[in-house]
Amino acid sequence: MSICTARGFKATGAAVGIKGGGRLDAALVVSDHPVNCAAVFTQNKAPAAPVQLSKQHLSETQGVVKAVLLTSGNANAATGEPGLNAARTLTEAVATSLSCASDEVLLCQTGLIGIPFPLDSALDGVGGLASSLGSSESDGELAAKAIMTTDTFAKQVVIEGDGFVIGGMAKGAAMLEPDMATMLAVLSTDAELTPSEIKNALVGAVASSFNSLVVDGATSTNDTVIVLASGTAGRVDLESFEDALAKACVKLAEDMAVDAEGATKAVRITVSGAATDEEAHQGARKVANSLLVKCSLNGEDPYWGRVLSEIATAKIACDPSSLSISYGGTQVSFGGVAVAHDEATVAAHMAERWISIEIDLGLGTGVGSILTTDLGHGYIDENRTTS
């Protein structure tokens, strides 16, 4: 199960000197030949050097890519022209090692913001990554491990489609908020697709996965999701591919929720009965961002009053007289007041790793859900100093 599962791709991971101490900090994903590609990037108004450069490269090649270089330990963000020069030098080193054009190499970087990128330490190692490329599951796993920062496990996925395969890897454990944030993901497929077909599928997949994930409300400078299509499986049904890509992205987003810094609970908040799907998502996001709700989740306390307060202050149509709140499918409130329920059943659900909160506004057919987490002491411990 790795980025190499789809035919036509190789990968590797190595320590190149960014983190120091011999820790893995660089990954390379390479296609057997230049392939069609699409990507989505952070909405942050201060995009990092790798985001700026990758956008430029995709524009220059019109969506044709040979390789993706990913480094961890330094975001190369807020580093000015020296940061851009470092990014260019890294992609040129990879291009030289692969005998391809430098604009056929995309770059993803993650780590500390505002720290000059240690180009002198990393350049030789990056230039040598191509010599260790392989297509085995272990090669893909090595790449997935190399992009981790505060992650505690490598995040990988494989989805078998109708005549095609999607493999992927991602990193992300904090600064996660809709519009993506400090998360990187690269997915490969052997389906034959045009860049525009990939982009359309990717936009939809990201909307239901990474952009529906809230951990701490922070949006990073570096987040990037890239899809590479080798075409070795031939043309495929577009709807089937879109469904498979969405499943792959949801799986990676769920792994991020489970691995969020300091979290003890992964939570799916679903709002139904809204006036529109958009309002349902807005309402779910409002609840997901509530620190009070997150604290209740950490304490395994089904404090529905906090959920009611948050949904009722969202800028959406809401009438408390028709509003229902449930935990794990057990209704605890209706019409703005408590209802009799099996407290033991709810308590057992709150003790689980995955928790679900269902809110029915009773007004329309709109439905939307958001992934989030509780707020644990470990989050503060991890982020009270520069990390």
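Throughout, read-outs are computed from the coordinates displayed, never taken from laboratory work. Note that the structure is a prediction, hence the values are computed from the model and not measured. Cβ placement follows ideal geometry from the backbone for every residue including glycine, while neighbour counts extend to all protein chains displayed.
Counting helices only, and only those DSSP H runs with n ≥ 4, report the 222 nm mean residue ellipticity of the chain as the sum of -39,500 (n - 2.57) divided by its residues, in deg cm²/dmol to the nearest 500. The helix-only estimate for the chain comes to -10500 deg cm²/dmol at 222 nm.
In segment 67-203, one over the average inverse separation of all distinct C-alpha pairs is 16.3 Å, which is the Kirkwood hydrodynamic radius.
Excluding residue 351 itself, calculate the net charge of residues whose Cβ lies under 14 Å from the Cβ of residue 351, where each Lys or Arg counts +1 and each Asp or Glu counts -1.
Numbers: positive: 265, 353; negative: 300, 301, 343, 352, 374.
Neighbour charge sum, excluding residue 351 itself: -3.
Straight Cα distances below 30 angstrom link residue 45 to the lysines 19, 55, 66, 145, 155, 171, 199, 247, 251, 286, 294, 315, with same-chain residues fewer than 8 positions distant left out.
What ranking of 153, 164 emerges when the number of other C-beta atoms within 10 Å of each C-beta is taken as an exposure proxy, fewest first?
Placing the least packed residue first, the sequence is 153, 164.
Under 14 Å from the Cβ of residue 204, count the other residues' Cβ atoms, weight Lys and Arg +1, Asp and Glu -1, and hand me the total. Intermediate results must be reported in sequence, preceding the final value.
Values: positive: 199, 247; negative: 197, 239, 242, 243, 277.
Taking every Cβ under 14 Å from that of residue 204, the sum is -3.
The HN-Hα couplings worked out from phi for segment 270-277 by the Karplus form 6.51 cos²θ - 1.76 cosθ + 1.60 (θ = phi - 60°) are 10, 10, 10, x, 7, 5, 9, 4 Hz, whole numbers, x standing for Gly and Pro.
Distance from the Cα centroid of segment 90-118 to that of segment 332-377 is 45 Å (rounded to whole angstrom). A convex hull fitted to the Cα coordinates of segment 179-303 yields 121 cubic angstrom per residue.
Each 20 Å bin from 0 upward holds the following percent of the Cα-Cα pairs of the chain: 29, 52, 18, 1.
Normalised size of segment 19-101, defined as Cα radius of gyration per 2.2 N^0.38 Å with N residues, equals 1.12. With the largest listed first and rounded to whole Å, the semi-axes of the equivalent ellipsoid of segment 308-376 from the Cα gyration tensor are 21, 16, 10. For the chain, the relative contact order comes to 18 percent (Cα pairs under 8 Å, sequence separation of at least 6).
Under 5 Å between amide hydrogens, built in the peptide plane, is the criterion, and for residue 155 it picks out 170 among residues at least 5 positions away or on other chains. Size of segment 266-383 from its Cα atoms: along the principal axes, largest to smallest, the extents are 41, 33, 19 Å.
Return an integer: the convex hull volume of the alpha-carbon atoms of segment 286-345, in Å³ per residue. Could the numbers behind the result be given before it?
Numbers: hull volume 4.7 nm³, N = 60.
Spread over its residues, the Cα hull of segment 286-345 gives 79 Å³ apiece.
Rounded to the nearest Hz, the phi-derived 3J(HN,Hα) couplings of segment 191-204 under the Karplus curve 6.51 cos²θ - 1.76 cosθ + 1.60 (θ = phi - 60°) are 5, 8, 9, 7, x, 5, 5, 5, 4, 4, 5, 5, 4, x, where x marks glycine and proline.
Here the convex hull built on the C-alpha positions of segment 120-165 has a volume of 106 cubic angstrom per residue.
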